[in-house]
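One structure below.
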Amino acid sequence: MLKAVIFDLDGVITDSAVYHFQAWKQIADRMGIFFDLSYNEKLKGVSRMESLNLILDNGKGRNAYTIEEKEKLTYEKNEIYKKLITKITPKDLMPGIELLLKELKKRKILVGLASVSKNASFIVNQLNIKEYFDYIADASKIKNSKPFPDIFIDCITMLGQKPQDCLGVEDAMAGIEAIHRAGMKAVGVGSADQMQEADLILEGTSSLTIEMLENLNQ
């Protein structure tokens, strides 16, 4: 029986990926490192530090910088990002998501948020949907990022449920792997070649219904 649904944020609830790209682009350009939208796909679902490491690999390499230098760069990126996401409004919700959240609440199915973004709570407030979430994981307190299952296990635990009674919804391969490693079935939002490991694949959120989720969890 479906008792909880745990969502990723970027690409599932809203698409703030463009702001991540713009912020990283500013850092990369300043350092003279090539970075475009295609390369940005590698950053999906991974932590801020690992995102920086992937970008640095296009330059002098991740080992050419001290941890202090890299921490300064990730801090600067986040400051740029925080300014950009102040533009987010409820209009930036992905298609069909608010209706789905309302239905889950109506049926008393718990809702969690498992995002690697340390700004997840701020973005949820900007989207005006905080009332629908029973638990929002704090990425800063999660030891291992996706594809490790830590953040999903945290959500399952804090929601007081068993993995088999929960589902995860993701748009990144690392997230799908993390959901499975946490013992749940996974809904993948995206193209079939990218979401091939998911138990249910949807091209977009507009076609995601509560009936689909309940049927998948049977």
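Among the residues of segment 107-120, not one is more than 12 Å from the chain's Cα centre (by Cα) and modelled with pLDDT under 95. For beta carbons closer than 7 Å, sequence separation of 6+ or different chains, a first residue in segment 28-57 that is not assigned by TED's automatic domain parsing to the domain that holds K77 and small (G, A, S) and a second that is surrounded by fewer than 17 Cβ atoms within 10 Å (Cβ to Cβ) and in a helix (DSSP H, G or I), there are no qualifying pairs.
Filtered by the rule that a residue be within 14 Å of K146 (Cβ to Cβ) and assigned to a helix (DSSP H, G or I), segment 163-180 gives M173, A174, G175, I176, E177, A178, I179, H180.
Among the residues making up segment 124-140, those that are modelled with pLDDT of 95 or more and not aromatic (F, W, Y) are V124, N125, Q126, L127, N128, I129, K130, E131, D134, I136, A137, D138.
Taking the stated definitions as given, is G183 under 27 Å from M49 (Cα atoms), touching a strand residue (DSSP E or B) at 6+ places or on another chain (Cβ under 7 Å) and outside any helix (DSSP H, G or I)? Against the criterion (under 27 Å from M49 (Cα atoms), touching a strand residue (DSSP E or B) at 6+ places or on another chain (Cβ under 7 Å) and outside any helix (DSSP H, G or I)), G183 does not qualify.
Of all residues in segment 95-123, those satisfying the criterion of being part of a helix (DSSP H, G or I) and either without any contact (Cβ under 8 Å) to a residue 60 or more places away in the chain or closer than 16 Å to T205 by Cα (or both) are I97, E98, L99, L100, L101, K102, E103, L104, K105, K106, S121, F122. Condition check: modelled with pLDDT of 95 or more and not hydrophobic (A, V, I, L, M, F, W, C). Does D15 satisfy that? Taking the combined requirement at face value, the residue does not satisfy it.
For segment 85-94, the criterion of a residue being hydroxyl-bearing (S, T, Y), surrounded by fewer than 18 Cβ atoms within 10 Å (Cβ to Cβ) and not in a helix (DSSP H, G or I) is satisfied by at least one position.
Return the pair list, or none, for Cβ contacts closer than 8 Å from residues in segment 174-192 that are farther than 20 Å from S207 by Cβ to residues that are surrounded by 18 or more Cβ atoms within 10 Å (Cβ to Cβ) and basic (K, R), at least 6 apart or on different chains. Partner pairs satisfying both residue conditions: A174/K44; A174/K146; E177/K146; A178/K146. Against the list (1) more than 17 Å from P95 (Cβ to Cβ); (2) surrounded by fewer than 17 Cβ atoms within 10 Å (Cβ to Cβ); (3) of a type outside the set (K, R); (4) at pLDDT below 95, the condition S207 fails is (1). Scanning segment 3-39 for residues that are more than 25 Å from D138 (Cβ to Cβ) and surrounded by 20 or more Cβ atoms within 10 Å (Cβ to Cβ) yields A28, F35. Checking each residue in segment 145-192 for being small (G, A, S), in contact with a Pro (Cβ under 9 Å, 6 or more places away or on another chain), more than 19 Å from E214 (Cα to Cα) and surrounded by fewer than 21 Cβ atoms within 10 Å (Cβ to Cβ) picks out only A174. Tally up the residues in segment 186-218 that are assigned to a loop (DSSP other than H, G, I, E, B), in contact with a strand residue (DSSP E or B) (Cβ under 9 Å, 6 or more places away or on another chain) and not hydrophobic (A, V, I, L, M, F, W, C), please. Count: 9.
The values are calculated or read from the model by the stated rules, or taken from the named source; none is laboratory data. Being a predicted model, the structure only gives us computed values, none of them experimental. Cβ sites come from the backbone with ideal geometry, for glycine too, and all protein chains shown count toward neighbours.
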